[in-house]
Structures are given as C-alpha cells and as structure tokens.
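The values are calculated or read from the model by the stated rules, or taken from the named source; none is laboratory data. This is a predicted model, so every value here is computed, not measured. We place every Cβ from the backbone using ideal geometry, glycine too, and count neighbours over all the protein chains shown.
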Amino acid sequence: MTDTTPTPILDLGPQAALVARLTEGVTDEQLADPTPCPKYAVRHVLAHLAGLAVAFRDAGRKDLGVTTDTRPDSTVPELGPGWREELPKVLGEMAEAWRDPAAWTGMTRAGSVDMPGEIAGLVATDELVIHGWDLARATGQPYAPDPAALQACHGFLEAAVDDPGRGEIFGPVVRVEADAPLLARTVGLSGRDPEWAPRP
C-alpha cells in the first residue's frame, strides 16, 4: 500500500523564518535607510513584507477578500506600531498555510490577481527571497536564502524573462555573468543590481 497523500511543492517555512530573523536584526535607526527598491526605505520593505505575508497566507487558505484584493502598488506601505511582534507572526502563518497541499491546487487570488495556486505559491516564494535580499543588503546583514526557495525563485523569474507583462512587476533584467552565484543571477532577473550597496 502506498501513501497517496499529496505533498506541498515547496516548504516556505525555512525562508520565512530566515526573513523573520532578518527583521529582528533591523534597528530603529535603519528604518529610514534606502534599499534596492528605489521607492522604498527599510520601513517600507518591512511593511510590504507584513502585507504580503497576510495576503499570501489568506491566498493559501483560499480565504479571499480585502487582504487578497488589494494591489501592492496602490500605496507605499507604512509600518504599524506593533510590527516587531506582528511581522514574524504573520510570516509564520503564511508558511503554515502553504504547507497544506491544497494551497497549491485550484485557483486563488493575491494582489487582486487571480492565479493558479501553484503560481501563487511561487510568487510568494519570490517575494520572500527577493525582499529578504533587499532587507539584508539595506541593513548590512548576511544573507543565504533557503536553497530550495532560491532554486524555485530563480526558475520562476527565468520563466518570466520574455513575458511582456513583467514590466508591471519587475524592472529590466540586470545581466550578470552566466557563472555567477545563483543568488546573484536570481537578483539580476528580478531587475535589481546584485552589486547594490548602501552609500557609505
């Protein structure tokens, strides 16, 4: 007798936990510092992470409503007063939602866009990997993303290189050497310069 219970495509837990640890390393003095996202300071990246964690938690649960219908670019997000406690909590809830194999099947919605569950899970992975890099670079923290999440993120971004609609989500691809580390190639595919660093 074989076990026919489906398994999730990817466990978001390790990457979500890594991002949560990065948030703990952010000082109050760094909240106004610039990031690789031109319009976002550190506090905006943190607020965006909080919002997307809730949106993709609910998308994974197929609990569609206000949290999944709001476009991420509708406003520049701002941090709430309890973000240090709330952000790790919702990141954990997001990861737990995507441990259910049902999250990866059927249709769901996030950022007001309807999409298959499998695609939504990969978008969530991309958000965690790339914004984790944004946060680490902006705050001077080391960054080694979960290998499985990084591989999935790279595949997702590589598949979207020739998508005519990618300009609405990502910047132009930043070309890096073919033998560059996978993280650098992935960051370049997201439209970011892998060499970005805060000004001294």
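Values as computed for the structure displayed
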{"item": "Top-ranked residue of region 36-45 - restricted to ones that are assigned to a loop (DSSP other than H, G, I, E, B) and under 15 Å from the mean Cα position of the chain (by Cα), ranked as modelled with the lowest pLDDT", "result": "C37"}
{"item": "Residue list for region 108-122, restricted to those being under 11 Å from L64 (Cα atoms), small (G, A, S) and over 15 Å from the mean Cα position of the chain (by Cα)", "result": "S112"}
{"item": "Residue identified as surrounded by fewer than 22 Cβ atoms within 10 Å (Cβ to Cβ), closer than 23 Å to A138 by Cβ and either among the small types (G, A, S) or touching a helix residue (DSSP H, G or I) at 6+ places or on another chain (Cβ under 6 Å) (or both) among G82, G106, G65, G13", "result": "G82"}
{"item": "Residues (outside any helix (DSSP H, G or I) and among the small types (G, A, S)) located in region 80-96", "result": "G80, G82"}
{"item": "Flag for P198 being surrounded by fewer than 20 Cβ atoms within 10 Å (Cβ to Cβ), over 16 Å from R57 (Cβ atoms) and in contact (Cβ under 8 Å) with a residue 40 or more places away in the chain", "result": "yes"}
{"item": "Residues located in region 135-155, provided they are surrounded by fewer than 18 Cβ atoms within 10 Å (Cβ to Cβ) and either of a type outside the set (A, V, I, L, M, F, W, C) or assigned to a helix (DSSP H, G or I) (or both)", "result": "G140, Q141, P142, Y143, P147, A148, Q151, G155"}
{"item": "Matching residues, region 42-79, being without any contact (Cβ under 8 Å) to a residue 40 or more places away in the chain and under 28 Å from W196 (Cα atoms)", "result": "R43, H44, A47, G51, P72, D73, S74, T75, V76, P77, E78"}
{"item": "Matching residues, region 103-113, being assigned to a strand (DSSP E or B) and in contact with a Leu (Cβ under 9 Å, 6 or more places away or on another chain)", "result": "T108, R109, A110"}
{"item": "Scope region 103-118; condition over 26 Å from T75 (Cβ atoms) and either of a type in the set (F, W, Y) or in contact with a Gly (Cβ under 8 Å, 6 or more places away or on another chain) (or both); matching residues", "result": "A103, W104, T105, G106, M107, P116, G117"}
{"item": "Matching residues, region 123-152, being in contact with a Leu (Cβ under 8 Å, 6 or more places away or on another chain) and over 26 Å from D33 (Cα atoms)", "result": "A148, A149, Q151, A152"}
{"item": "Checklist (1) under 17 Å from G132 (Cα atoms); (2) within 17 Å of the chain's Cα centre (by Cα); (3) surrounded by fewer than 18 Cβ atoms within 10 Å (Cβ to Cβ) applied to A53, failing item", "result": "(3)"}
{"item": "Count of residues meeting criterion [within 20 Å of V90 (Cα to Cα) and either of a type in the set (V, I, T) or in a helix (DSSP H, G or I) (or both)] in region 8-26", "result": "13"}
{"item": "Residue match in region 60-70 (condition: among the hydrophobic types (A, V, I, L, M, F, W, C) and assigned to a helix (DSSP H, G or I))", "result": "yes"}
